[in-house]
Each structure stands twice: as C-alpha cells, then as structure tokens.
1. Is it fair to say residue 165 is in contact with a helix residue (DSSP H, G or I) (Cβ under 7 Å, 6 or more places away or on another chain) and farther than 17 Å from residue 76 by Cα?
2. Could you pull out every one of the helices (runs of 4 or more DSSP H) wholly within region 1-112 that has 1 or more residues that are in contact with a helix residue (DSSP H, G or I) (Cβ under 9 Å, 6 or more places away or on another chain) and touching a residue at least 40 places away in the same chain (Cβ under 8 Å)?
3. Can you confirm whether region 115-131 contains a residue that is within 24 Å of residue 17 (Cα to Cα) and either assigned to a loop (DSSP other than H, G, I, E, B) or in the same structural domain as residue 38 (by TED's automatic domain parsing) (or both)?
4. Quickly run through region 16-54 and pick out the residues that are within 18 Å of the chain's Cα centre (by Cα) and over 26 Å from residue 91 (Cα atoms).
5. Of these, 146, 151, which one is in contact (Cβ under 8 Å) with a residue 12 or more places away in the chain and outside any loop (DSSP other than H, G, I, E, B)?
6. Has region 71-83 got at least one residue that is over 26 Å from residue 183 (Cβ atoms) and out of contact with any strand residue (DSSP E or B) (no Cβ under 8 Å at 6 or more places or on another chain)?
7. Only residues that are surrounded by fewer than 21 Cβ atoms within 10 Å (Cβ to Cβ) and touching a residue at least 40 places away in the same chain (Cβ under 8 Å): list them for region 173-189, please.
C-alpha cells in the first residue's frame, strides 16, 4: 500500500474533556483508515501517482485521470485532511498564537478575536459536511475558507496551516447536532506551535 494512516500522535483520551475518547478512536481508526484504504484501492492501477506525496497529487488533481479523479479527491482529501487535522490539535493546547503568526493574523483580520469570529463563522456556516481552513492563498496572504466534503484547499493553490473537521462523524457522539459547541470546544485543542511551524514553512 502506497499510503498509510499515520498513528494518532497521542492517546485516544488525551483530548478530554473537549474531544471524547470514543469519537477520537472511531474518527481515526475507522473513518481516517477507510479514506486511506480507499485511496490506495483507487490507485491500484496507477502506481506512478501512488508514488507521489499526497500533497502533490491534490495540488495537481486535474492531472489525475478523469476515471479516478473524483475518488482521489474524496479519499485522497480524506486521507490528507485527517492526517493534517490530528497534527494541529493536541492535549494541553489552546490559547493563541505568538510571534510572526500572531502579528500577521492581527494585520489581516484586525485582532485575534476578530480572526476567531470569522473562522468560527466559516466552520459553523459550512453547509453539510466539510472543513474550515486558515492558510496562505496564492498571493501568500492569510486566508480563511471552507471546503465541501473532502475538496482540498491544496487544489486551489492554497497552503493550509489550520483546519477543523465539521463532518458530523467528527463530533456527533459528544455534541450531536450542536456544531457550534464542537467548534467552541475545538479552540481549546489547537496546537499553535505546530500552526506557527506550518506558517513559517509556507512562507518560504
């Protein structure tokens, strides 16, 4: 298999009380693993594509044969997005960014609180399943967007540095239909150190 699901970087219960053990376990071991498995199935006859980093594949998704393109968007996006998601949250995190990232957030959005408000609005307002993102757009500017299902900001030429999963499977066991409560809790998990690393790398 060309792609593998990265192991969860912390214990299943490490994100309590904001993210419950059972949801984390099912989300990673069932949903995430299924995306990776189905991505590999879709690429069975395309070892040349499967040999590439998934970021490269999604960044040039129009180069993928039309017969498997939607499967790669769906399952490749699911594989990459979840791998990214687990990295930018963690136990004993939250708070806010510092240094150059904070400065750029304030410059772009007016204040950190204003950024949180806009990002929260994007996450809650994403109709149906999808994700909300903070990243650098093609001009290298910080940009908030939301994407449908597993469509990737990489396919739009963006460099993501922060995301929240707002598919129902990401939060339904604990929060049921209360997406706003999930988004509010998620801020307590954001690993701003990792986000800052991604921001620094994206600027280079």
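1. On the way: in contact with a helix residue (DSSP H, G or I) (Cβ under 7 Å, 6 or more places away or on another chain): yes; farther than 17 Å from residue 76 by Cα: no.
No, not satisfied.
2. 21-26, 33-42, 47-50, 54-59, 77-87, 99-109
3. Yes: region 115-131 contains one or more residues that are within 24 Å of residue 17 (Cα to Cα) and either assigned to a loop (DSSP other than H, G, I, E, B) or in the same structural domain as residue 38 (by TED's automatic domain parsing) (or both).
4. Of region 16-54, the ones within 18 Å of the chain's Cα centre (by Cα) are 18-19, 23-36, 39, 53-54.
Residues satisfying the conditions are 39, 53, 54.
5. Working: 151 fails: outside any loop (DSSP other than H, G, I, E, B).
Just a single option satisfies the conditions, and that option is 146.
6. If we filter region 71-83 for residues that are over 26 Å from residue 183 (Cβ atoms), which is where we start, we get 71-72.
From what's left, out of contact with any strand residue (DSSP E or B) (no Cβ under 8 Å at 6 or more places or on another chain): 71-72.
Among the residues of region 71-83, at least one is over 26 Å from residue 183 (Cβ atoms) and out of contact with any strand residue (DSSP E or B) (no Cβ under 8 Å at 6 or more places or on another chain), which makes the answer yes.
7. Passing the criteria: 173, 174, 179, 180, 184, 185, 187, 188, 189.
The values are calculated or read from the model by the stated rules, or taken from the named source; none is laboratory data. What you see is a predicted model, and the numbers here were worked out from it, not measured in a lab. Reconstructed Cβ throughout: ideal geometry from the backbone, glycine too, with neighbour counts over all protein chains shown.
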